[in-house]
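First the structure, in the form of C-alpha coordinates, and then the observations on it.
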Amino acid sequence: MHSATHHAISAVWRIESAKIVAGIARMVRDIGLAEELAQDALVSALEHWPLDGVPDNPGAWLMATAKNRALDRLRRDKLLGEKLEQMGHDLEAQEALIVPDFVDTLDVVRNDQIGDDLLRLIFTACHPVLSSEARVALTLKLLGGLTTHEIARAFLVAEPTIAQRIVRAKRTLNEARVPFELPPGDALAERLATVLEVVYLIFNEGYTATAGEDWMRPTLIEEALRLGRMLAELAPQEPEVHGLIALMELQASRAKARVGTSGRPVLLLDQDRSRWDHLLIRRGLTALQRAENLGGTAGPYVLQAAIAACHAQAHTAAETDWHRIADIYGMLAIVSPSPVVELNRAVAVSMAAGPAAALEIVDRLSKDKSLQGYQWLPSVRGDLLEKLGRKEEAQQEFERAASLARNLQERELLLERSNKLKGR
(Lines give C-alpha, C1' and ligand atoms only; values in the text may rest on other atoms or scores of the structure.)
Protein backbone atom coordinates (compact mmCIF):
# COMPACT_ATOMS: atom_id res chain seq x y z
CA MET A 1 0.00 0.00 0.00
CA HIS A 2 2.73 2.42 1.02
CA SER A 3 4.71 1.57 -2.10
CA ALA A 4 1.74 2.46 -4.33
CA THR A 5 1.23 5.72 -2.41
CA HIS A 6 4.89 6.66 -2.72
CA HIS A 7 4.72 5.95 -6.45
CA ALA A 8 1.66 8.23 -6.70
CA ILE A 9 3.46 10.98 -4.75
CA SER A 10 6.47 10.71 -7.07
CA ALA A 11 4.24 10.97 -10.16
CA VAL A 12 2.30 13.95 -8.79
CA TRP A 13 5.50 15.72 -7.78
CA ARG A 14 7.01 15.32 -11.25
CA ILE A 15 3.89 16.92 -12.76
CA GLU A 16 3.12 19.60 -10.17
CA SER A 17 6.48 20.63 -8.68
CA ALA A 18 7.21 23.38 -11.21
CA LYS A 19 3.81 25.01 -10.64
CA ILE A 20 4.28 24.85 -6.88
CA VAL A 21 7.79 26.33 -6.92
CA ALA A 22 6.64 29.04 -9.34
CA GLY A 23 3.62 29.96 -7.22
CA ILE A 24 5.66 30.13 -4.02
CA ALA A 25 8.45 32.08 -5.71
CA ARG A 26 5.90 34.75 -6.63
CA MET A 27 5.12 35.08 -2.93
CA VAL A 28 8.61 35.02 -1.44
CA ARG A 29 10.62 36.35 -4.43
CA ASP A 30 13.40 33.83 -3.79
CA ILE A 31 13.71 30.68 -5.89
CA GLY A 32 15.89 28.88 -3.36
CA LEU A 33 13.42 29.52 -0.55
CA ALA A 34 10.50 28.63 -2.81
CA GLU A 35 12.02 25.26 -3.63
CA GLU A 36 12.72 24.63 0.06
CA LEU A 37 9.09 25.34 0.98
CA ALA A 38 7.83 23.18 -1.89
CA GLN A 39 10.05 20.36 -0.62
CA ASP A 40 8.53 20.84 2.84
CA ALA A 41 5.11 20.23 1.29
CA LEU A 42 6.44 17.08 -0.38
CA VAL A 43 7.74 15.81 2.96
CA SER A 44 4.33 16.51 4.48
CA ALA A 45 2.69 14.46 1.72
CA LEU A 46 5.09 11.59 2.39
CA GLU A 47 4.07 11.72 6.05
CA HIS A 48 0.30 12.08 5.64
CA TRP A 49 -0.79 10.41 2.39
CA PRO A 50 0.27 6.85 3.32
CA LEU A 51 -1.98 7.18 6.40
CA ASP A 52 -4.82 9.37 5.11
CA GLY A 53 -4.85 8.36 1.46
CA VAL A 54 -4.05 10.40 -1.64
CA PRO A 55 -6.29 13.53 -1.77
CA ASP A 56 -8.81 13.96 -4.59
CA ASN A 57 -6.75 16.86 -5.89
CA PRO A 58 -3.15 16.12 -4.86
CA GLY A 59 -1.69 19.09 -6.75
CA ALA A 60 -3.94 21.51 -4.88
CA TRP A 61 -3.05 19.82 -1.58
CA LEU A 62 0.66 20.33 -2.23
CA MET A 63 0.17 23.92 -3.40
CA ALA A 64 -1.95 24.86 -0.39
CA THR A 65 0.47 23.19 2.03
CA ALA A 66 3.45 24.95 0.47
CA LYS A 67 1.67 28.31 0.63
CA ASN A 68 0.84 27.80 4.28
CA ARG A 69 4.50 26.97 4.91
CA ALA A 70 5.45 30.18 3.10
CA LEU A 71 3.04 32.22 5.20
CA ASP A 72 4.41 30.66 8.42
CA ARG A 73 7.95 31.41 7.28
CA LEU A 74 7.20 35.02 6.45
CA ARG A 75 5.38 35.53 9.75
CA ARG A 76 8.13 33.88 11.76
CA ASP A 77 10.79 36.05 10.19
CA LYS A 78 8.60 39.14 10.68
CA LEU A 79 8.97 39.88 7.01
CA LEU A 80 5.39 39.66 5.82
CA GLY A 81 4.55 43.34 6.12
CA GLU A 82 7.91 44.41 4.77
CA LYS A 83 7.65 42.01 1.84
CA LEU A 84 4.17 43.14 0.92
CA GLU A 85 5.13 46.80 1.06
CA GLN A 86 8.47 46.34 -0.69
CA MET A 87 7.18 44.20 -3.53
CA GLY A 88 3.91 46.01 -3.94
CA HIS A 89 2.01 42.76 -4.14
CA ASP A 90 -1.26 43.10 -6.00
CA LEU A 91 -4.55 41.80 -4.67
CA GLU A 92 -4.09 38.40 -6.30
CA ALA A 93 -0.79 37.83 -4.54
CA GLN A 94 -2.27 38.87 -1.20
CA GLU A 95 -5.15 36.44 -1.71
CA ALA A 96 -2.63 33.72 -2.48
CA LEU A 97 -1.24 34.10 1.05
CA ILE A 98 -4.50 33.16 2.74
CA VAL A 99 -5.70 30.21 0.68
CA PRO A 100 -7.19 27.53 2.93
CA ASP A 101 -5.94 23.95 2.79
CA PHE A 102 -7.16 21.36 0.31
CA VAL A 103 -9.20 23.52 -2.05
CA ASP A 104 -9.55 22.91 -5.75
CA THR A 105 -6.66 24.04 -7.94
CA LEU A 106 -8.87 26.47 -9.82
CA ASP A 107 -9.66 28.15 -6.51
CA VAL A 108 -6.03 28.34 -5.50
CA VAL A 109 -4.88 30.26 -8.53
CA ARG A 110 -6.24 31.08 -11.95
CA ASN A 111 -4.83 29.12 -14.88
CA ASP A 112 -3.45 32.24 -16.55
CA GLN A 113 -1.69 33.16 -13.31
CA ILE A 114 -0.16 29.67 -13.15
CA GLY A 115 1.08 30.23 -16.69
CA ASP A 116 2.59 33.59 -15.79
CA ASP A 117 4.29 32.10 -12.73
CA LEU A 118 5.73 29.23 -14.79
CA LEU A 119 7.04 31.64 -17.40
CA ARG A 120 8.67 33.73 -14.68
CA LEU A 121 10.27 30.59 -13.28
CA ILE A 122 11.55 29.50 -16.69
CA PHE A 123 13.05 32.90 -17.48
CA THR A 124 14.64 33.10 -14.02
CA ALA A 125 16.15 29.61 -14.15
CA CYS A 126 17.58 30.40 -17.60
CA HIS A 127 18.85 33.87 -16.70
CA PRO A 128 22.04 34.93 -18.56
CA VAL A 129 23.78 35.69 -15.25
CA LEU A 130 24.14 31.90 -14.86
CA SER A 131 26.54 29.66 -16.75
CA SER A 132 25.11 27.34 -19.39
CA GLU A 133 25.70 24.29 -17.16
CA ALA A 134 23.98 25.99 -14.22
CA ARG A 135 20.95 26.95 -16.33
CA VAL A 136 20.53 23.37 -17.52
CA ALA A 137 20.83 21.87 -14.03
CA LEU A 138 18.51 24.43 -12.40
CA THR A 139 15.91 24.07 -15.16
CA LEU A 140 15.83 20.29 -14.82
CA LYS A 141 15.60 20.59 -11.02
CA LEU A 142 12.91 23.27 -10.84
CA LEU A 143 10.89 22.66 -14.00
CA GLY A 144 11.60 19.02 -14.70
CA GLY A 145 11.15 17.90 -11.12
CA LEU A 146 14.25 15.69 -11.46
CA THR A 147 16.28 14.87 -8.38
CA THR A 148 19.93 15.83 -8.14
CA HIS A 149 20.78 12.13 -8.49
CA GLU A 150 18.74 11.84 -11.71
CA ILE A 151 20.39 14.91 -13.24
CA ALA A 152 23.87 13.68 -12.31
CA ARG A 153 23.16 10.24 -13.77
CA ALA A 154 21.77 11.74 -16.98
CA PHE A 155 24.88 13.86 -17.56
CA LEU A 156 27.41 11.38 -16.15
CA VAL A 157 28.53 13.97 -13.62
CA ALA A 158 29.20 13.33 -9.93
CA GLU A 159 26.14 14.02 -7.79
CA PRO A 160 27.98 16.47 -5.47
CA THR A 161 29.05 18.44 -8.56
CA ILE A 162 25.45 18.83 -9.72
CA ALA A 163 24.32 19.68 -6.18
CA GLN A 164 26.98 22.41 -5.92
CA ARG A 165 26.05 23.70 -9.37
CA ILE A 166 22.42 24.09 -8.32
CA VAL A 167 23.27 25.70 -4.96
CA ARG A 168 25.63 28.17 -6.64
CA ALA A 169 23.01 28.99 -9.27
CA LYS A 170 20.41 29.87 -6.64
CA ARG A 171 22.97 31.89 -4.70
CA THR A 172 24.00 33.76 -7.85
CA LEU A 173 20.40 34.65 -8.66
CA ASN A 174 19.90 35.88 -5.10
CA GLU A 175 23.14 37.90 -4.97
CA ALA A 176 22.48 39.42 -8.39
CA ARG A 177 18.97 40.37 -7.17
CA VAL A 178 17.45 38.84 -10.29
CA PRO A 179 13.76 39.79 -10.12
CA PHE A 180 11.15 37.05 -10.35
CA GLU A 181 9.40 38.58 -13.33
CA LEU A 182 9.02 38.37 -17.09
CA PRO A 183 11.63 40.37 -19.01
CA PRO A 184 10.47 43.77 -20.28
CA GLY A 185 9.34 43.93 -23.92
CA ASP A 186 12.68 44.92 -25.44
CA ALA A 187 14.57 42.13 -23.67
CA LEU A 188 11.95 39.40 -24.11
CA ALA A 189 13.14 38.12 -27.50
CA GLU A 190 16.78 37.98 -26.40
CA ARG A 191 15.93 36.21 -23.15
CA LEU A 192 13.56 33.82 -24.93
CA ALA A 193 16.48 32.76 -27.13
CA THR A 194 18.39 31.84 -23.95
CA VAL A 195 15.47 29.75 -22.68
CA LEU A 196 15.14 27.90 -25.99
CA GLU A 197 18.89 27.28 -26.04
CA VAL A 198 18.70 25.61 -22.60
CA VAL A 199 15.83 23.35 -23.65
CA TYR A 200 17.61 22.36 -26.87
CA LEU A 201 20.85 21.70 -24.99
CA ILE A 202 18.93 19.27 -22.78
CA PHE A 203 17.39 17.62 -25.83
CA ASN A 204 20.69 17.29 -27.68
CA GLU A 205 22.42 15.71 -24.71
CA GLY A 206 19.63 13.14 -24.66
CA TYR A 207 19.57 12.66 -28.43
CA THR A 208 23.34 12.23 -28.90
CA ALA A 209 25.16 11.84 -25.60
CA THR A 210 28.52 13.60 -25.57
CA ALA A 211 30.14 10.95 -23.37
CA GLY A 212 29.56 7.58 -21.74
CA GLU A 213 28.47 4.21 -23.06
CA ASP A 214 24.95 5.04 -24.31
CA TRP A 215 24.24 6.68 -27.68
CA MET A 216 21.04 8.29 -26.35
CA ARG A 217 19.53 9.19 -22.96
CA PRO A 218 15.72 8.97 -23.26
CA THR A 219 15.06 10.72 -19.94
CA LEU A 220 16.57 13.96 -21.22
CA ILE A 221 14.72 13.70 -24.54
CA GLU A 222 11.42 13.33 -22.68
CA GLU A 223 12.17 16.25 -20.34
CA ALA A 224 13.13 18.54 -23.20
CA LEU A 225 9.96 17.62 -25.09
CA ARG A 226 7.88 18.26 -21.97
CA LEU A 227 9.54 21.65 -21.42
CA GLY A 228 9.12 22.55 -25.08
CA ARG A 229 5.43 21.66 -25.06
CA MET A 230 4.98 23.67 -21.88
CA LEU A 231 6.61 26.70 -23.52
CA ALA A 232 4.42 26.30 -26.61
CA GLU A 233 1.33 26.51 -24.39
CA LEU A 234 2.67 29.45 -22.38
CA ALA A 235 3.97 31.47 -25.35
CA PRO A 236 1.64 30.53 -28.24
CA GLN A 237 2.48 33.61 -30.35
CA GLU A 238 6.23 32.99 -30.53
CA PRO A 239 7.23 31.25 -33.83
CA GLU A 240 10.61 30.09 -32.53
CA VAL A 241 8.96 28.26 -29.61
CA HIS A 242 6.85 26.26 -32.06
CA GLY A 243 9.91 25.87 -34.28
CA LEU A 244 11.86 24.31 -31.41
CA ILE A 245 9.11 21.89 -30.43
CA ALA A 246 8.70 20.96 -34.12
CA LEU A 247 12.43 20.30 -34.41
CA MET A 248 12.52 18.16 -31.27
CA GLU A 249 9.37 16.18 -32.15
CA LEU A 250 10.70 15.42 -35.64
CA GLN A 251 14.13 14.42 -34.42
CA ALA A 252 12.71 12.36 -31.55
CA SER A 253 10.54 10.48 -34.04
CA ARG A 254 13.70 8.69 -35.23
CA ALA A 255 14.81 7.56 -31.76
CA LYS A 256 13.89 3.86 -32.05
CA ALA A 257 15.61 3.57 -35.43
CA ARG A 258 18.82 5.31 -34.28
CA VAL A 259 20.03 2.36 -32.20
CA GLY A 260 20.63 -1.18 -33.44
CA THR A 261 20.02 -4.38 -31.49
CA SER A 262 23.53 -4.25 -30.03
CA GLY A 263 23.10 -0.64 -28.91
CA ARG A 264 25.27 0.63 -31.75
CA PRO A 265 24.33 3.87 -33.55
CA VAL A 266 22.45 3.65 -36.83
CA LEU A 267 23.06 6.73 -38.97
CA LEU A 268 20.20 8.54 -40.72
CA LEU A 269 20.66 7.11 -44.22
CA ASP A 270 20.79 3.54 -42.87
CA GLN A 271 17.75 3.75 -40.61
CA ASP A 272 14.64 1.61 -41.01
CA ARG A 273 12.08 4.37 -41.54
CA SER A 274 9.19 2.07 -40.69
CA ARG A 275 10.43 2.36 -37.10
CA TRP A 276 10.05 6.13 -37.07
CA ASP A 277 7.26 7.38 -34.78
CA HIS A 278 4.61 8.77 -37.12
CA LEU A 279 2.62 10.36 -34.28
CA LEU A 280 5.65 12.47 -33.37
CA ILE A 281 6.15 13.29 -37.05
CA ARG A 282 2.56 14.53 -37.34
CA ARG A 283 2.95 16.57 -34.17
CA GLY A 284 6.21 18.04 -35.42
CA LEU A 285 4.80 18.97 -38.83
CA THR A 286 1.78 20.57 -37.15
CA ALA A 287 4.03 22.63 -34.87
CA LEU A 288 6.14 23.71 -37.87
CA GLN A 289 3.01 24.79 -39.74
CA ARG A 290 1.90 26.77 -36.68
CA ALA A 291 5.28 28.53 -36.56
CA GLU A 292 5.16 29.37 -40.24
CA ASN A 293 1.57 30.64 -39.97
CA LEU A 294 2.68 33.18 -37.35
CA GLY A 295 4.75 34.84 -40.07
CA GLY A 296 7.90 36.91 -39.83
CA THR A 297 11.45 35.97 -40.77
CA ALA A 298 12.15 32.33 -40.05
CA GLY A 299 14.49 31.93 -37.08
CA PRO A 300 17.10 29.20 -36.51
CA TYR A 301 14.73 26.70 -34.88
CA VAL A 302 12.06 27.10 -37.56
CA LEU A 303 14.72 26.58 -40.25
CA GLN A 304 16.19 23.52 -38.53
CA ALA A 305 12.67 22.12 -38.13
CA ALA A 306 12.12 22.66 -41.88
CA ILE A 307 15.24 20.57 -42.54
CA ALA A 308 14.01 17.83 -40.19
CA ALA A 309 10.65 17.93 -42.00
CA CYS A 310 12.41 17.19 -45.32
CA HIS A 311 13.79 14.00 -43.80
CA ALA A 312 10.49 13.09 -42.13
CA GLN A 313 8.51 13.45 -45.36
CA ALA A 314 10.88 11.27 -47.40
CA HIS A 315 9.68 7.65 -47.38
CA THR A 316 13.17 6.45 -48.30
CA ALA A 317 16.64 7.99 -48.02
CA ALA A 318 16.77 8.18 -51.83
CA GLU A 319 13.66 10.38 -51.91
CA THR A 320 15.18 13.05 -49.65
CA ASP A 321 15.16 16.53 -51.19
CA TRP A 322 18.83 17.30 -50.59
CA HIS A 323 18.78 20.40 -52.80
CA ARG A 324 16.13 21.96 -50.56
CA ILE A 325 18.03 20.91 -47.42
CA ALA A 326 21.21 22.52 -48.74
CA ASP A 327 19.28 25.70 -49.54
CA ILE A 328 17.76 25.84 -46.04
CA TYR A 329 21.20 25.34 -44.49
CA GLY A 330 22.32 28.33 -46.59
CA MET A 331 19.53 30.42 -45.05
CA LEU A 332 20.41 29.10 -41.59
CA ALA A 333 24.03 30.13 -42.12
CA ILE A 334 22.83 33.71 -42.66
CA VAL A 335 20.44 33.77 -39.68
CA SER A 336 22.70 31.87 -37.29
CA PRO A 337 26.24 31.62 -38.72
CA SER A 338 28.27 28.76 -37.29
CA PRO A 339 30.98 26.39 -38.54
CA VAL A 340 28.80 23.46 -37.46
CA VAL A 341 25.95 24.74 -39.64
CA GLU A 342 28.41 25.03 -42.51
CA LEU A 343 29.61 21.46 -41.90
CA ASN A 344 26.02 20.22 -42.01
CA ARG A 345 25.50 22.19 -45.23
CA ALA A 346 28.52 20.41 -46.68
CA VAL A 347 26.87 17.04 -46.01
CA ALA A 348 23.73 18.21 -47.82
CA VAL A 349 25.81 19.57 -50.70
CA SER A 350 27.59 16.20 -51.02
CA MET A 351 24.24 14.47 -51.43
CA ALA A 352 22.89 17.09 -53.83
CA ALA A 353 25.96 17.95 -55.92
CA GLY A 354 28.55 15.28 -55.16
CA PRO A 355 31.43 14.76 -52.70
CA ALA A 356 33.96 16.93 -54.56
CA ALA A 357 31.87 20.10 -54.11
CA ALA A 358 31.36 19.29 -50.45
CA LEU A 359 35.04 18.55 -49.83
CA GLU A 360 35.92 22.12 -50.81
CA ILE A 361 33.66 23.39 -48.02
CA VAL A 362 35.04 20.91 -45.48
CA ASP A 363 38.65 21.70 -46.34
CA ARG A 364 37.95 25.38 -45.64
CA LEU A 365 36.38 24.43 -42.32
CA SER A 366 39.44 22.34 -41.39
CA LYS A 367 41.26 25.62 -40.76
CA ASP A 368 38.64 26.75 -38.22
CA LYS A 369 40.16 26.46 -34.74
CA SER A 370 36.75 26.03 -33.09
CA LEU A 371 36.30 22.68 -34.88
CA GLN A 372 39.72 21.22 -34.07
CA GLY A 373 38.31 18.99 -31.33
CA TYR A 374 35.00 18.26 -33.08
CA GLN A 375 34.94 14.59 -34.11
CA TRP A 376 32.34 15.05 -36.82
CA LEU A 377 34.65 17.25 -38.92
CA PRO A 378 37.18 14.46 -39.68
CA SER A 379 34.29 11.99 -39.83
CA VAL A 380 32.53 13.96 -42.58
CA ARG A 381 35.84 14.51 -44.38
CA GLY A 382 36.57 10.79 -44.17
CA ASP A 383 33.18 9.97 -45.66
CA LEU A 384 33.75 12.35 -48.58
CA LEU A 385 37.27 11.02 -49.22
CA GLU A 386 35.97 7.44 -49.21
CA LYS A 387 33.34 8.34 -51.81
CA LEU A 388 36.07 9.91 -53.93
CA GLY A 389 38.13 6.70 -53.74
CA ARG A 390 40.86 8.21 -51.54
CA LYS A 391 40.64 5.34 -49.07
CA GLU A 392 43.96 5.71 -47.24
CA GLU A 393 43.24 9.36 -46.44
CA ALA A 394 39.68 8.48 -45.47
CA GLN A 395 40.92 5.78 -43.07
CA GLN A 396 43.20 8.28 -41.34
CA GLU A 397 40.32 10.75 -40.95
CA PHE A 398 38.05 8.14 -39.37
CA GLU A 399 40.83 7.13 -37.00
CA ARG A 400 41.34 10.77 -35.99
CA ALA A 401 37.59 11.20 -35.49
CA ALA A 402 37.51 8.14 -33.23
CA SER A 403 40.34 9.55 -31.11
CA LEU A 404 38.27 12.70 -30.52
CA ALA A 405 34.99 10.91 -29.67
CA ARG A 406 34.10 10.71 -25.97
CA ASN A 407 31.02 8.55 -26.46
CA LEU A 408 31.89 4.83 -26.52
CA GLN A 409 29.31 3.88 -29.17
CA GLU A 410 30.37 6.78 -31.37
CA ARG A 411 34.03 5.85 -31.05
CA GLU A 412 33.40 2.21 -31.94
CA LEU A 413 31.36 3.21 -34.98
CA LEU A 414 34.18 5.43 -36.26
CA LEU A 415 36.84 2.78 -35.55
CA GLU A 416 34.74 0.26 -37.44
CA ARG A 417 34.75 2.49 -40.51
CA SER A 418 38.50 3.03 -40.14
CA ASN A 419 39.23 -0.69 -39.81
CA LYS A 420 37.00 -1.52 -42.77
CA LEU A 421 39.15 0.70 -44.98
CA LYS A 422 42.27 -1.01 -43.63
CA GLY A 423 40.84 -4.27 -44.89
CA ARG A 424 40.46 -5.78 -41.42
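General remarks:
- Selection count, segment 227-276, where residues are modelled with pLDDT of 95 or more and at positive phi: 0
- Options LEU33, LEU46; residue that is over 19 Å from MET230 (Cβ atoms), within 25 Å of the chain's Cα centre (by Cα) and in contact (Cβ under 8 Å) with a residue 24 or more places away in the chain: LEU33
- Condition met for ARG76 (among the charged types (D, E, K, R) and within 31 Å of the chain's Cα centre (by Cα)): no
- The set of residues in segment 151-182 that are without any contact (Cβ under 8 Å) to a residue 24 or more places away in the chain and in contact with a Lys or Arg (Cβ under 7 Å, 6 or more places away or on another chain) contains only ILE151.
- Residue list for segment 277-302, filter: more than 19 Å from GLU233 (Cβ to Cβ), more than 18 Å from the chain's Cα centre (by Cα) and buried (at least 20 other Cβ atoms within 10 Å of the Cβ): ILE281, ALA298
- Selection of segment 217-246 for residues being touching a residue at least 60 places away in the same chain (Cβ under 8 Å), over 16 Å from TYR200 (Cα atoms) and not aliphatic (A, V, I, L, M) yields only GLU233.
- Flag if LEU279 is over 26 Å from CYS126 (Cβ atoms), modelled with pLDDT of 95 or more and assigned to a helix (DSSP H, G or I): yes
- Residue match in segment 389-397 (condition: surrounded by fewer than 21 Cβ atoms within 10 Å (Cβ to Cβ), under 23 Å from ALA211 (Cβ atoms) and acidic (Asp, Glu)): no
- Within segment 247-269, considering residues that are part of a helix (DSSP H, G or I), of a type outside the set (A, V, I, L, M) and in contact (Cβ under 8 Å) with a residue 24 or more places away in the chain, the one nearest to GLU213 (Cα to Cα): ARG258
- Some residue of segment 23-42 being farther than 21 Å from LYS170 by Cβ, at pLDDT below 90 and not aromatic (Phe, Trp, Tyr): no
- Inclusion of ASP321 among residues that are surrounded by 13 or more Cβ atoms within 10 Å (Cβ to Cβ), acidic (Asp, Glu) and under 29 Å from ARG229 (Cβ atoms) is warranted.
- Just one of the numbered conditions (1) of a type in the set (A, V, I, L, M); (2) in a helix (DSSP H, G or I); (3) modelled with pLDDT of 85 or more is not true of VAL178: (2).
- Checking the stated criteria, LEU173 turns out to be of a type in the set (A, V, I, L, M, F, W, C) and either buried (at least 16 other Cβ atoms within 10 Å of the Cβ) or part of a loop (DSSP other than H, G, I, E, B) (or both).
For every residue, the table says whether it meets (1) in contact with a Leu (Cβ under 7 Å, 6 or more places away or on another chain); (2) closer than 21 Å to ASN204 by Cα.
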| residue | (1), (2) |
| --- | --- |
| LEU285 | no, yes |
| LEU288 | no, yes |
| ALA306 | yes, yes |
| CYS310 | no, yes |
| ILE328 | yes, yes |
| LEU332 | yes, yes |
| GLU342 | yes, yes |
| MET351 | no, no |
| ALA356 | yes, no |
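- Which listed residue, of GLY185, GLY115, GLY145, is within 25 Å of VAL302 (Cβ to Cβ), in contact with a helix residue (DSSP H, G or I) (Cβ under 6 Å, 6 or more places away or on another chain) and modelled with pLDDT under 80: GLY115
- Helices (runs of 4 or more DSSP H) (entirely within segment 314-395) containing at least 3 residues that are among the small types (Gly, Ala, Ser): 322-335, 339-353, 355-365
- Beta carbons closer than 6 Å, at least 6 apart along the sequence or on distinct chains, pair a first residue in segment 194-216 that is of a type in the set (D, E, K, R) with a second that is modelled with pLDDT under 90 for GLU205/LEU220; GLU213/LEU408.
The values are calculated or read from the model by the stated rules, or taken from the named source; none is laboratory data. As the structure is a prediction and not an experimental result, all values here were calculated from the model. With ideal geometry, Cβ positions are generated from the backbone for all residues, glycine too; neighbour counts draw on all protein chains shown.
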